[in-house]
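Student: I have a structure I would like to understand better, so I am pasting it below and will then ask my questions one at a time.
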Amino acid sequence: MADLVKKATRESYGEALADLGDKYENLYVLDADLAGATKTGVFKKKFPDRHIDCGIAEANMMGIAAGLATTGKVPFASSFAMFAAGRAFEIVRNSIGYPHLNVKIGATHAGISVGEDGASHQCNEDIALMRTIPGMTVINPADDVEARAAVEAAILHDGPVYIRFGRLAVPIFHDKETYKFEIGKGEQLVDGTDVTVIATGLMVYEAIKAAEALKAEGISTRVINIHTIKPIDRELVIKAAKETGLIVTAEEHSVIGGLGSAVSDVVTEACPVKVVKIGVQDVFGHSGPAADLLKEFGLCSENIVATVKKALAEK
Amino acid sequence: MDELLKKQLQITACKVRMGIIEGVYNAKSGHPGGSLSIADTLTYLYFNKMHVYPENPKLPDRDRFVLSKGHTAPALYSVLAHRGFFPVDELKTLRHIGARLQGHPDMKHIPGVDMSTGSLGQGISAACGMALSAKLSGENYKVYAILGDGEIEEGQVWEAAMFAAHNKLDNLLAIVDNNGLQIDGKISDVCSPYPIDEKFKAFGWHVITMDAHDFDSIEKAFNEAETVVNQPCVIIQKSTKGKGVSFMENQVSWHGTAPNAEQYAQAMSELKAQLAELEG
C-alpha cells in the first residue's frame with residue numbers, strides 16, 4: 001500500500017474546532033490545563049474569548065460545561081480520556097447525561113498509544129464507561145478526515161457526545177472530498193465473504209492492511225469501520241454476521257465493555273455467530289514507544305491476520 | 001424590612017413548610033430537616049428577589065437557581081408550587097411512580113427547575129457555568145445556588161470556588177446552609193469544614209453571614225451581596241435544621257426520615273397554628 005500522510009486525531013480535533021469557530025458562534029472550548037496537549041490551543045489562539053481554561057479540575061470543568069449548555073452554548077470539554085471519562089465519570093453521568101445537556105466531550109490521549117506516560121495515562125476503559133450512560137453518543141474516529149467530520153457532526157447533534165481522539169499520528173486513509181460522516185452509521189471499507197473484521201479508531205487502518213494480506217492467502221475479509229460505538233449500526237453488524245458467519249473485532253481499548261462488547265450485544269441477540277475480540281486483554285499497559293506497545297498488545301494488522309486465520313480454522 | 005412585606009414572606013414561608021411536610025409525608029421518604037432550614041431563604045428568593053416567570057419558566061433572561069444540596073428538593077418544589085410553576089396539590093405526588101417530582105431536582109420535567117442535582121458538590125459547578133455564560137454573552141441575569149454545610153466537604157465545591165473567584169463571577173451568589181448537621185452527626189464531629197467563612201475568603205470570595213430565619217437579616221445580607229463587584233459572593237446562613245416543626249428542630253434523625261401519620265398531624269398542626277398567628 002502506498003505510504004499515507006499521518007496525523008494524530010487530537011490535532012484534527014483542535015484544528016476542526018478552530019475551523020468551525022466562525023461558522024458556529026455558540027461553540028466554546030474548555031480545557032483543564034491541557035490545551036497544549038489536547039491541541040485546542042489553536043482554537044484558543046483564534047478565539048481567546050471563547051476558550052475557558054478551568055485549571056486542573058476536570059470534575060468542575062464538566063459542571064461548567066453543563067451550566068454553559070443550559071444557556072444554549074455548545075461547549076467542548078477537553079481533557080485526556082483518563083480524566084474526562086474516568087475521573088469525571090460521575091459528573092458526566094449526573095450533570096450532563098441525566099439532564100441530557102448539549103455538552104461535547106473531546107477526550108484525547110485515549111488508549112495504549114499514549115505510550116511513554118504509561119499505564120496511569122493509558123485509558124482503555126473510556127468507551128465502556130461512556131456507553132453505559134443513557135443518551136450518550138460515543139464516537140471513536142479512525143483518521144484525520146473522520147475526526148474532523150465527527151466534530152462538526154457532534155456540534156449539529158442535540159445531546160451529549162463523547163469523542164475519543166489519539167495522541168499517535170495515524171494514516172489518513174479517508175478521502176476528505178468524498179467522505180460522508182453520519183453518527184450511528186458504520187462504513188464498509190472492504191467487501192468479503194469468509195469473515196468480517198469490525199474495527200474502530202486506529203485499528204481500522206490495521207484491519208484494511210490485514211484484509212489485503214489475507215486476500216493474498218485466499219481469504220475474503222470484509223472490513224467495517226464502526227466510528228460510532230453508541231448508537232451502533234445494528235443493521236450493518238447483523239448483515240455481516242449473517243453473510244460471513246464470523247466476526248473479529250479490533251479496538252485500542254479493553255475487550256471488556258468496548259466495541260467488541262457492543263458488537264457481541266447485537267450479534268448474540270439478533271444473529272449469534274462467533275465473535276473474537278482483539279483489544280487490551282484485561283491488563284494495564286506500561287511505558288514505551290506507542291508503536292512498540294501496539295505490537296506488544298496485539299493491536300496491529302499482523303495479529304488481526306493471525307486471529308482471523310485461527311478463528312477460521314476453528315469455524 | 002417593610003413590616004407588611006415581612007409578614008407576607010413569613011406567611012408564605014409557613015405555607016412552603018406545610019408543602020414540604022405534605023410532600024415528604026406522602027412520599028413516605030425524603031429529607032425534611034434540610035428542607036425546612038432553607039424554607040425562609042427560598043421564599044425570599046422566589047417571592048422577593050429573583051426574576052422568574054412561572055408562565056414561561058425557561059425565558060432566557062430569567063434569574064437561575066441551582067439547589068446544589070439537591071436532596072432538599074421538597075423545599076424547592078414547595079416554593080415553586082406556591083410561586084405558581086405547578087399546582088400546590090402536585091406536591092403530594094413527590095417521589096411517586098409516574099410523577100414529575102423526582103426524589104432529587106430534575107430539570108427535564110419539572111417547571112422552574114434550572115438544573116438537575118442530587119449528587120453533592122455538582123450543582124455549584126453548573127451554577128458557575130451559568131454565571132460564566134452570562135458574562136460571556138453580556139447578559140444580566142443572576143445565578144443563585146444553595147449548598148449544604150456538609151456538602152462543602154466535597155472537593156468539587158472548592159474547584160468551583162476557585163473557578164468562580166478566578167473568573168470574577170459577581171453575578172453568582174452562593175448560600176451555604178449552615179445548620180450544623182449531616183447524616184452521620186454534627187459537621188464538626190464528622191469531618192469539620194469549619195471555619196467556612198475563612199475558607200471562602202481564602203478562595204477569593206466576599207463572605208456575608210445571616211440568620212436564615214429572620215427576614216430582616218436575610219434582606220440585609222442580600223442587599224450587601226448586590227454591592228459586591230468583581231468577586232463571587234457567599235452568604236453563610238446560620239439555620240436550624242427542621243425549623244418550624246418542634247420535634248424536628250436540631251435533630252439529625254430528621255435529615256432523611258418521613259413523618260408517620262401521627263407525626264405528620266402534629267407537624268401540620270404546629271404549622272397551622274403558626275400560620276393562624278401570622279394571619280391573625
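Student: Lys/Arg Cβ at +1, Asp/Glu Cβ at -1, dipole of the protein assembly as shown taken about the Cα centre: which of B:L4, B:H82, A:G41 is farthest positive-ward?
Tutor: So the residue we want is B:H82.
Student: Pull up all non-local amide H partners of A:A77: gap of 5 or more, or a different chain, and H-to-H distance under 5 Å with H placed in the peptide plane.
Tutor: A:L30, A:K104, A:I105, A:G106
Student: Taking each residue of A:97-105 in turn, how many C-beta atoms of other protein chains fall within 10 Å of its C-beta, and what is the average?
Tutor: On the way: counts 1, 9, 9, 3, 6, 0, 1, 0, 0.
For this peptide, the per-residue mean of nearby foreign Cβ atoms is 3.
Student: Gaussian network model of chain A, Cα springs within a sub-10 Å range: biggest mean-square fluctuation belongs to which of A:A37, A:A84, A:A147?
Tutor: A:A37
Student: Short version: ³J(HN,Hα) in whole Hz for each residue of the stretch B:136-141, in order, from phi by Karplus 6.51 cos²θ - 1.76 cosθ + 1.60 (θ = phi - 60°), x for Gly and Pro, what are they?
Tutor: Using θ = phi - 60°, the values come out as 5, 9, x, 9, 9, 5 Hz.
Student: Give the calculated FRET efficiency between B:K28 and A:D22 to the nearest 0.05, with a Förster radius of 60 Å applied to their Cβ-Cβ distance. The partial results should precede the final answer.
Tutor: On the way: r = 55 Å, r/R0 = 0.92.
Using R0 = 60 Å, I get an efficiency of 0.60.
Student: Nothing charged except the Cβ atoms of Lys and Arg (+1) and of Asp and Glu (-1): what's the magnitude of the dipole of chain A about its Cα centre? Round to the nearest 20 debye.
Tutor: Details: 33 positive and 42 negative charges, 66 e Å.
Computed charge dipole of chain A: roughly 320 debye.
Student: Please list 3J(HN,Hα) in residue order for the stretch A:274-279, calculated via the Karplus relation 6.51 cos²θ - 1.76 cosθ + 1.60 where θ = phi - 60°; whole Hz, with x for glycine and proline.
Tutor: 5, 10, 9, 9, 9, x
Student: Ok, one more. Looking only at the stretch B:232-253, which residues have a backbone nitrogen under 13 Å from a spot 7 Å from the Cα of B:A273 in the C-beta direction?
Tutor: From the stretch B:232-253, the list is B:244-247.
Student: While we're looking at this one, here's another question. Could you please state, rounded to a whole Å, how far the C-alpha centre of the stretch A:205-278 is from the C-alpha centre of the stretch B:1-78?
Tutor: 54
Student: So what's the net charge close to A:H157: Lys and Arg +1, Asp and Glu -1, counting the other residues with Cβ under 14 Å from its Cβ?
Tutor: 0
Student: Still on this structure, please answer the following. Using 7 Å Cα-to-Cβ label points, what is the A:E217/A:L156 separation (nm, one decimal)?
Tutor: With each label placed 7 Å out from Cα toward Cβ, I get 4.1 nm.
Student: Using the 10 angstrom Cβ neighbour count as an exposure proxy, how do A:T193, B:T12, B:T117, A:T108 rank, fewest first?
Tutor: By the 10 Å Cβ count, ascending: A:T193, B:T12, A:T108, B:T117.
Student: Which of A:V138, A:V204, A:V170 moves the most in a Gaussian network model of chain A with Cα springs under 10 Å?
Tutor: A:V170
Student: Within the stretch B:231-246, whose backbone N sits under 18 Å from a point 7 Å along Cα→Cβ of B:Y194?
Tutor: Answer for the stretch B:231-246: B:236-241.
Student: Pull out a ≥ b ≥ c, the square roots of the eigenvalues of the alpha-carbon gyration tensor of the stretch B:1-106, then state rounded if a/c is under 1.5, prolate if not and a/b is larger than b/c, and oblate in the remaining case. Spell out each step's value before the answer.
Tutor: On the way: a/c = 1.79, a/b = 1.28, b/c = 1.40.
Since a/c reaches 1.5 but b/c is at least a/b, the shape of the stretch B:1-106 is classed as oblate.
Student: While we're on this one: Relative contact order, percent, of the stretch A:145-233 when contacts are C-alpha pairs under 8 Å separated by at least 6 residues? Spell out each step's value before the answer.
Tutor: Values: 116 pairs, mean separation 28.7, N = 89.
It rounds to 32 percent for the stretch A:145-233.
Student: While we're here: Greater than 20 Å separation of Cα atoms is the criterion. Which listed pairs, A:K242/A:K274; A:K45/B:K142; A:K277/A:K310; B:K201/B:K238, meet it?
Tutor: From A:K242/A:K274; A:K45/B:K142; A:K277/A:K310; B:K201/B:K238, over 20 Å: A:K45/B:K142.
Student: If you don't mind, another one. Non-local amide H neighbours of B:L181 (under 5 Å, H modeled in plane, Pro and chain starts lacking H): which ones?
Tutor: Here the answer is B:I187, since their amide H atoms fall under 5 Å of that of B:L181.
Student: Now a separate question. Determine the alpha carbon to alpha carbon distance for each of A:K104/A:K180; B:K199/B:K272; A:K73/B:K7; B:K7/B:K92 and list only those over 32 Å. Spell out each step's value before the answer.
Tutor: Numbers: A:K104/A:K180 20 Å; B:K199/B:K272 40 Å; A:K73/B:K7 41 Å; B:K7/B:K92 26 Å.
Check vs 32 Å cut-off fails for B:K199/B:K272; A:K73/B:K7.
Student: Quick one: go through the stretch A:150-174 and flag any residue whose amide nitrogen is under 13 Å from the point 7 Å out along the Cα-to-Cβ line of B:H109.
Tutor: Label zone hits: none.
Student: Just want the ordering: B:S78, B:S246, from fewest to most Cβ atoms lying within 10 Å of their own Cβ. Write out the running numbers ahead of the final one.
Tutor: Numbers: B:S78 28, B:S246 9.
Fewest to most other Cβ atoms nearby, the residues stand as B:S246, B:S78.
Student: Mind checking which of A:N303, A:N26, A:N140 has the largest fluctuation in a GNM of chain A, springs on alpha carbons under 10 Å?
Tutor: A:N26
Student: Can you compute the modelled spin-label distance between A:T132 and B:E139, with each label point 7 Å from Cα toward Cβ, in nm?
Tutor: The modelled label-to-label distance comes out at 3.4 nm.
Student: Cut-off is 10 Å between beta-carbons; in what order do A:I256, A:I224 appear when sorted fewest neighbours first?
Tutor: Numbers: A:I256 15, A:I224 25.
So the ranking, lowest neighbour count to highest, is A:I256, A:I224.
Student: Something else about it: Sequence gap at least 6, Cα distance under 8 Å: using those rules, report the relative contact order of the stretch B:3-279 to the nearest whole percent. Can you show the working numbers first?
Tutor: Numbers: 559 pairs, mean separation 66.3, N = 277.
Value for the stretch B:3-279: 24 percent.
Student: Write down the percent of antiparallel bridges among all DSSP beta bridges whose residues are both part of chain A, to the nearest 5.
Tutor: On the way: 8 of 44 bridges.
Restricted to chain A, the bridges split so that about 20 percent are antiparallel.
Student: Quick one: dipole size for the protein assembly as shown, taken about the Cα centre, charges +1 on Lys/Arg Cβ and -1 on Asp/Glu Cβ, in debye to the nearest 20.
Tutor: Details: 59 positive and 76 negative charges, 148 e Å.
In debye, rounded to 20, the protein assembly as shown gives about 700.
Student: Express as a percent, rounded to the nearest 5, the fraction of DSSP beta bridges in the protein assembly as shown (both residues included) that run antiparallel. Walk me through the numbers before you get to the answer.
Tutor: Numbers: 10 of 68 bridges.
In the protein assembly as shown, DSSP labels about 15 percent of beta bridges as antiparallel.
Student: Could you tell me the calculated FRET efficiency between A:D265 and A:A119, based on Cβ-Cβ distance and R0 = 30 angstrom, to the nearest 0.05?
Tutor: Values: r = 27 Å, r/R0 = 0.92.
The value I calculate is 0.65.
Student: Can I ask one more? Between B:V176 and residues 5 or more places away or on another chain, which pairs have amide H atoms under 5 Å apart, with H built 1.01 Å from N, and which residues are they?
Tutor: B:L147, B:I235, B:I236, B:Q237
Every number in this text was worked out from the coordinates using simple rules, so none of it is lab data. Quantities reported herein were computed from a predicted structural model and do not represent experimental measurements. Cβ coordinates were reconstructed from backbone atoms using ideal geometry, including for glycine residues, and neighbour counts include every protein chain displayed.
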